[in-house]
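K.L.:
Take a look at the following structure, please.
The values are calculated or read from the model by the stated rules, or taken from the named source; none is laboratory data. Quick caveat, the model's predicted, so the values are computed rather than measured. So basically every Cβ, Gly included, is an ideal-geometry build from the backbone, and we count neighbours across all protein chains shown. Keep in mind that these areas ignore ligands, DNA and RNA; they rest on the heavy atoms of the full protein, side chains included. Shrake-Rupley method; radii C 1.70, N 1.55, O 1.52, S 1.80 Å.
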Amino acid sequence: MKNTLLLIAGFFAVQLQAQDGINWNTATDISTGNYGNAYPRVALTGSGNPVVVWGDMMNQSVYFSRWTGTSFSMPLKLNPSWMSVASASWMGPDIATKGDTVYVVVKRMPEVSDTNRIFLFRSFNGGNSFDPPVELAFIGDSLSRFPTVAVDELGNPVVAFMKFDPSFVNSRWVVARSSDFGNTFSSDVRAGGYSGPGSEACDCCPGALVASGPTMAMLYRDNLNDIRDIWAGISTDNGVSFPVGFAADNNNWMVLSCPASGPDGVIIGDTLYTTYMSAGSGNYRTYLSRSSISTGTLGTKTNLTGPITGLSQQNYPRIASDGKAMAIVWKQTISSLAQVAILFTNDLAAGLPSKCDTVDLANVTNTDVVMHNGNIFVIWQDDQSKTVKYRFGTYTPAVSVKKSMETEPGIYPNPASTLITIEFANLQNATLSIQNNLGEQLIAQICKEDQRTTLDISSLEAGIYFIHIHQNDLIFTCKFIKL
């Protein structure tokens, strides 16, 4: 941003470098201060319009607002009168979208009751209206908290949450998926506990479920003998199972109490980018790590900023990407002023800037970001106005120099009984996977040919299947029929 303010409440210099490439509009309020503002989260509909949810701590409610083209709609209270919803400055509802389908997940209060489980709200018209809440009732006599939601390739919700035995012991992350757009959910599967025997989820830190194609990562803060680093449980079958996991953080932060701060991430090709807060260095700082999903190894880890005069702490980072662009936002306190900081690049191959910029300069508690097609949207919890604030910017997407993959895949014969041939530009080293209509991966292989390859489908039962072609950060999906 080119016009960062340098004077607030007297003279105080913010040692931040302008982020080239974003042209920002003026910050506005999404609503008045009568609806709460806790833990706001933002997603985008298929038309690129932002939709936002947040919690009202005082009234234990969750509110939703959507961009109408000229302004945000009046906040819609999602929870019915019989439901109280958990939210705080560091945890609350979550939202995910695909096209005009909007999913919102919440935790019913009080959480000490085993009947107060996780609930899902659904809209199939871009948030104009919502169906009654759906309860994830399979939890049984266990306790739960911290729901987070992602959407699979077919548009179904996949919900993760922390689960406890009675009396809040044996904390662990689990995932449940739907194959009928949220009408029903499968029994949950464990998606954590990879650091070693005796490990548990850090029981006051929310997590994040992120997805790309059939690959999902359950990001959470682990607790193994009071080492509280970030770990990732990995699924390659649309969340059906999470058989492996690895550390996405090696700060070895030993702390006796839970820091109430969770991670966020994005998947680009085989790389998992994870952002999180750690005080393993002795100071509360935000980080970005890069991990290989296929090998389960942590590659690089960097602090999001270098030294900044007056910086006391950083927290609550959130990340978004679109094509070659990436943005990370977080809260940081400089000279007692809590601001929204941002790192942005329109070309990740060129790396992130060495210094951050600011989106807002005071009263910030929590923040979130999404981006699409040259647009970037940042929201945050402002505790002076008691509102959720919003700022919109534009940037020029970097031109891709990759070999063109704009042509649609060709599959023949279709229908087929034994063999199918796939024709597509630049198939070499692409990952090919076949899934059924439940999202279960049945066949997967790396393609050795360049523009044409053949798959044996004789082992499949008759029915409709989807083939996914993964090449770098691009995913193409097409359907075929097995006779």
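K.L.:
Counting heavy atoms of the protein chains only and a 1.4 Å probe, report the per residue accessible area for the chain as a whole number of Å². It would help to have the intermediate numbers written out before the result.
P.N.:
Details: 19210 Å² over 483 residues.
On a per-residue basis, 40 Å².
K.L.:
Something else about it: Among 370-379, 156-165, 61-70, how do they line up by average Cβ neighbours within 10 Å per residue, starting with the highest? Walk me through the intermediate numbers first.
P.N.:
Details: 370-379: 21.3, 156-165: 23.7, 61-70: 19.0.
Highest to lowest by the protection proxy: 156-165, 370-379, 61-70.
K.L.:
With every protein chain left in place, what is the accessible area of Ile446 in Å² (1.4 Å probe, nearest 10)?
P.N.:
80 Å²
K.L.:
Now for a separate question. At what distance in nm do the modelled label points of Ile268 and Asn429 sit from each other, each positioned 7 Å from its Cα along Cα→Cβ?
P.N.:
According to this spin-label approximation, the distance is 1.7 nm.
K.L.:
Could you please report the charge total around Ile457, scoring K, R as +1 and D, E as -1 over all other residues with beta-carbon less than 14 angstrom from its beta-carbon?
P.N.:
Numbers: positive: Lys479, Lys482; negative: Asp456, Glu461.
Counting the neighbours of Ile457, the net charge comes to 0.
K.L.:
Return the unpartnered cysteines for the chain, using a Cβ-Cβ cut-off of under 4.7 Å.
P.N.:
Lacking a cysteine Cβ partner under 4.7 Å: Cys356, Cys447, Cys478.
K.L.:
Using a 1.4 Å probe over the heavy atoms of the protein chains, calculate the carbon and sulfur portion of the accessible area of the chain as a whole percent. Walk me through the numbers before you get to the answer.
P.N.:
Values: 9540 of 19210 Å².
Solvent-exposed carbon and sulfur of the chain make up 50 percent of the total.
K.L.:
When semi-axes √(5λ) of the Cα gyration tensor in Å is calculated directly from the model, which label among [x] 35, 27, 23; [y] 52, 25, 22; [z] 39, 31, 19 fits?
P.N.:
The listed entry that was calculated here is [x].
K.L.:
Also, quick follow-up: Which of the three applies to the stretch 216-375, rounded, prolate or oblate, going by the alpha-carbon gyration tensor with a ≥ b ≥ c and a/c under 1.5 meaning rounded?
P.N.:
Working: a/c = 1.90, a/b = 1.19, b/c = 1.60.
Oblate.
K.L.:
Distance check, please: which entries in Lys77/Lys163; Lys331/Lys355; Lys301/Lys355; Lys448/Lys479 exceed 20 angstrom between their Cα atoms?
P.N.:
From Lys77/Lys163; Lys331/Lys355; Lys301/Lys355; Lys448/Lys479, over 20 Å: Lys77/Lys163; Lys448/Lys479.
K.L.:
List the relative contact order of the chain as a percent without decimals, with contacts defined as Cα pairs under 8 Å and 6+ residues apart. Display every interim value, and only then the final one.
P.N.:
On the way: 1370 pairs, mean separation 54.4, N = 483.
Rounded, it is 11 percent for the chain.
K.L.:
Additional query: I'd like the Karplus ³J(HN,Hα) series for the stretch 74-80: coefficients 6.51, -1.76, 1.60, θ = phi - 60°, whole numbers in Hz, and an x wherever there's a Gly or Pro.
P.N.:
Those phi angles translate into 4, x, 9, 6, 7, 7, x Hz.
K.L.:
What number, in percent, do you get for the relative contact order of the stretch 135-273 if the mean sequence gap of Cα pairs under 8 Å and at least 6 apart is divided by its residue count?
P.N.:
On the way: 351 pairs, mean separation 26.7, N = 139.
Reported relative contact order: 19 percent.
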